[in-house]
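The values are calculated or read from the model by the stated rules, or taken from the named source; none is laboratory data. Here the structure is a predicted model, which means the values were calculated and not measured. Virtual Cβ from ideal backbone geometry, glycine too; neighbours counted across all protein chains shown.
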Amino acid sequence: MFGKKKNQVDPVAQAQAQAAQEQMEVQAAFQKGVTALRDFIAPASLEFESKQFKIGTRLARTYFVYGYPRQIYTGWMSSLVNLDEVIDLSLFVYPVESQVVLDNLRKKVSQLEAGIQIDTEHGKVRDPGKQAAIQDAEELRDKLQVGEERFFRVGLYFTIYGNSNEELEYVSHKVESLLTQQQVFSKPASAQQEQGLNSTIPQFTDQLQIRRNMDTGAVSTTFPFTSADLSQDNGILYGINMHNSGLVIFDRFSLENGNAVVFAKSGAGKSFAVKLEVLRSMMFGTEVFIIDPENEYQKMAEAVGGAYVRLSLNSSTRINPFDLPTVTDKEESDNALRGNLITLHGLLRLMMGGAQAQMAAGNAGGGMVAPALTPVEESDLDSALIETYAKVGITNDPLTHSSPPPTIADLYDTLLHMGGTGPQLAQRLRKYTTGTFAGIFSMQSNVNIDNPLTVFNVRDLEDELRPVAMYIVLNHIWNKTKTDMKKRILVIDEAWQLMKYEDSANFMFSLAKRARKYNLGVTTISQDVEDFMGSKMGRAIVANASMQLLLKQSSSAVDVLASTFKLTSEEKKRLSQFPVGQGLFFAGQNHVHIQIAASPTETELITTNPAQTQQAAQQVDLNQAGYNDTVQLQ
C-alpha cells in the first residue's frame, strides 16, 4: 500500500486557490471602478498653506476663538450664524468633574490672594483685575459646591470661504470685526489649517483642541440655534427660509394686524406668491376677496369653485353703491347710514370729475389737484344724498335700513329737481344713469359674494371707469365684512391705480386701518413702487401693514424701499438681483430671505407663465404614470 509523499501539493487545491486569488483580484479591480458616495462629495483636490487652504477651486480659512469678555449676552452668536456668508461652525463642549474644578479654584484663589498680599507689602497700587478674578472664582466655587453650576471646557472653531484671495480677505475682515465688536477674539489656525478643516466638517473630531473654561451660564450664551426663524405652530407655509433652509410657516393674523403689502416689478412673482397664500389660507377656512385688474385669478377661482364676477359695461353684473351693511353691532348700526354717506361723497367726487381731472393733471406732469366739487356743491350734494335715502324710507334709525336702498338714478332725479347747484351736478352725473356708463352702477345689486373665494375682474372696464369700479367694489366688500365677523383676506392687485386719486386713496387707507376690528387682512399689491410710495396715503398704508414681501425690484425703486424699510447695504444690493420667486419677507420686527415654494399641482392652478404650466402638467403626468405602474405591479 503506497501513500502520498509528505508535502506533496494537491494540484486540484492549487488550481482552486489560484482561481480564488484571480477572482479576488478581478473583484478588487472592479471595486476600484465603482463610483462610491465619497467620490461624489469629495473635492477634486486639497492644498494646505500656513493660514489658508484650497478646496477644489475655492479658498478657505479656519479660525479658533481664544478670548471672551468677562460678561457676554445670551444669543451673541446669532450675528455670526445669520451672517450672509458661507460659514462652517463647530462647537465642542466637554464637561469637567466639579471636584477637580473646586480643587483648582481653591489653589487659584490662594495664589491670587497671596499675590495681592505681596503687592500690598511692596506698596504697589491695588490691581482691580486680581480683585475681580477672586470675586468670580469665589462666586463660582459657591455655585459649584451646591450644584447650581457645572463646569465645561469649550472649543469654538469656524471656517470661511471665498472664490478669490480678495473675497476671502473681505469675509475674514467682516467676521473678525463682527466678533471684535462683542470683545470676542479669534485667530486663524496658523500651520494647522488641515486640523482646522477636520474640526469644522461634520465628523465630530476636535483636532485643534483649543478650549476655554466656562460655567453653565457662559455655555448657554453660545447656543447656536438662533438663526432668523419665522416658523410657528400654526399658520400657512409661505416658503423656504434661505438663511437656514427652514420653513416659513406663519399666521398673519397673529400680528398687530393682518394687513400685508407686496412690492415687485412685473414678472418677479408677486401675483404667484399672493395666489399661493390665498390657496393655502382657504384650506384653513379663511374667506378671500380679490380685486383683479388683469384677469390673473380666474383659473384659480374656477379650480376651487369660487365666484368670478366680471365687471364691464356689457356684463349683467350690477353693484349698487347705495347698499347699506347689515350689522348686528348697535354702534355700527347707528352709524351705518352716516358712514355710507361719507363714502358716497368720496365716490361721487371721483365720478363727477375728480378722477378725470386728476388723471389729466397726472398726464400733464402735474400733481394732485383740488377736489372737483366746490363747498357749495358739496353742501348741495350732501342734502341730495340724505333726501334720496329719505324718499325710500331710510333714515338714521337702524330699523329703516332693511328697506331697498336707492340708486344713482334716484340721486340724479333728486339733484335734477332741487335748487342751487343740483341741476348742474345732475348733468355731471348723467353719464352714469342714462349715458355711456349707465347700468353697471345705477341699478340694484345682483352680486352674491357668499363664497369662500370671490374675484372681481375689472380688466374690461375703461381706464376712466376702473378707479370708480374699484372704489365701489371695495365699499361693497367692506359692507359685507361688517355684516359678520369671519376671518377674511382682501387682495387689491395693482393698488397704485387707486393711489393716484385722493378720495380712493383715503378710502383705502381708512379700510386698511379699520380692517383689524373686523378680522380682515388687506393685501396690497403694486409694481409701481414710486407712485405708491409717492402718495402720503400710500406711505401710511405701508406703515400700517404688519407683513411685507419685497421681491425683485427695478433699480429706481430700490432706493425708495431701502429708505422705507431700513434695509442693510447687502439687502439693498440683492433687492434688484433676486431671481424670480425670491425676496425679503417681513413679519413684525423679523425678516428673512425667502424662496416662494409651490407644489406642481399648486403651480398648475395659479401660474400665468406658460412654461411653468407646461412643466407642472408634465410633472403631474409623470406622477400619474408612476402611480399607474405601481397599481399594475400590485
Residues to consider are N257, N241; find the one that is within 21 Å of I525 (Cβ to Cβ), touching a residue at least 60 places away in the same chain (Cβ under 8 Å) and touching a strand residue (DSSP E or B) at 6+ places or on another chain (Cβ under 9 Å). N257
Filter region 501-524 for residues that are over 18 Å from F253 (Cα atoms) and among the small types (G, A, S); which is surrounded by the most Cβ atoms within 10 Å (Cβ to Cβ)? S504
With (1) touching a strand residue (DSSP E or B) at 6+ places or on another chain (Cβ under 9 Å); (2) exposed (fewer than 15 other Cβ atoms within 10 Å of the Cβ) as the list, and E149 as the residue in question, which single condition is left unmet? (2)
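Okay, residues lined up against (1) basic (K, R); (2) within 15 Å of N213 (Cα to Cα):
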residue: Y73; (1), (2): no, no
residue: L80; (1), (2): no, no
residue: I87; (1), (2): no, no
residue: K130; (1), (2): yes, no
residue: E138; (1), (2): no, no
residue: L156; (1), (2): no, yes
Looking at A384, A409, A360, A372, which one is of a type in the set (A, V, I, L, M, F, W, C), part of a helix (DSSP H, G or I) and at pLDDT below 85? A360
Name every residue in region 550-584 that is among the hydroxyl-bearing types (S, T, Y) and in contact (Cβ under 8 Å) with a residue 24 or more places away in the chain, in order of residue number. S554, S556, T564, S576
Residue satisfying condition, being modelled with pLDDT of 85 or more, of a type outside the set (S, T, Y) and more than 14 Å from K270 (Cα to Cα), within set K517, K566: K517
Restricting to region 97-128, name every residue that is surrounded by fewer than 14 Cβ atoms within 10 Å (Cβ to Cβ) and among the β-branched types (V, I, T). V100, I118, T120, V125
Within region 38-53, considering residues that are small (G, A, S) and more than 15 Å from Q192 (Cβ to Cβ), the one surrounded by the fewest Cβ atoms within 10 Å (Cβ to Cβ): A44
Suppose we keep only residues that are touching a strand residue (DSSP E or B) at 6+ places or on another chain (Cβ under 9 Å) and part of a loop (DSSP other than H, G, I, E, B) within region 428-458. Which one would you say is modelled with the highest pLDDT? P452
Scanning region 176-205 residue by residue, those surrounded by 16 or more Cβ atoms within 10 Å (Cβ to Cβ) and under 20 Å from I55 (Cα atoms) turn out to be P188, A189, Q192, Q193, Q195, G196, L197, N198, S199, T200
Just for region 33-80: of the residues that are charged (D, E, K, R) and not in a loop (DSSP other than H, G, I, E, B), which one is modelled with the highest pLDDT? R61
In region 237-276, anything in a loop (DSSP other than H, G, I, E, B) and closer than 21 Å to F565 by Cβ is listed as M242, H243, L255, E256, N257, G258, N259, A264, K265, S266, A268, G269
Is one or more of the residues making up region 210-224 closer than 30 Å to A562 by Cα and in contact (Cβ under 8 Å) with a residue 24 or more places away in the chain? yes
Yes/no for G123 being free of Cβ contacts under 8 Å to residues at least 60 places away in the same chain, more than 53 Å from the chain's Cα centre (by Cα), assigned by TED's automatic domain parsing to the domain that holds V65 and at positive phi: yes
If I filter region 149-182 down to residues being of a type in the set (A, V, I, L, M, F, W, C) and more than 31 Å from the chain's Cα centre (by Cα), which single residue comes out as nearest to S199 (Cα to Cα)? L156
Could you list all residues from region 81-97 that are part of a strand (DSSP E or B) and either free of Cβ contacts under 8 Å to residues at least 24 places away in the same chain or touching an Asp or Glu at 6+ places or on another chain (Cβ under 7 Å) (or both)? F92
Could you check region 174-228 and list, in sequence order, the residues that are among the hydrophobic types (A, V, I, L, M, F, W, C), part of a loop (DSSP other than H, G, I, E, B) and touching a Ser or Thr at 6+ places or on another chain (Cβ under 7 Å)? A189, A191, L208
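Name every residue in region 84-108 that is of a type in the set (A, V, I, L, M) and at pLDDT below 80, in order of residue number.
Hits for region 84-108 are V100, V101, L102, L105.
Those residues that are among the hydrophobic types (A, V, I, L, M, F, W, C) and within 49 Å of the chain's Cα centre (by Cα), I need them from region 126-148; list them, please.
Within region 126-148, A132, A133, A137, L140, L144, V146 meet the criteria.
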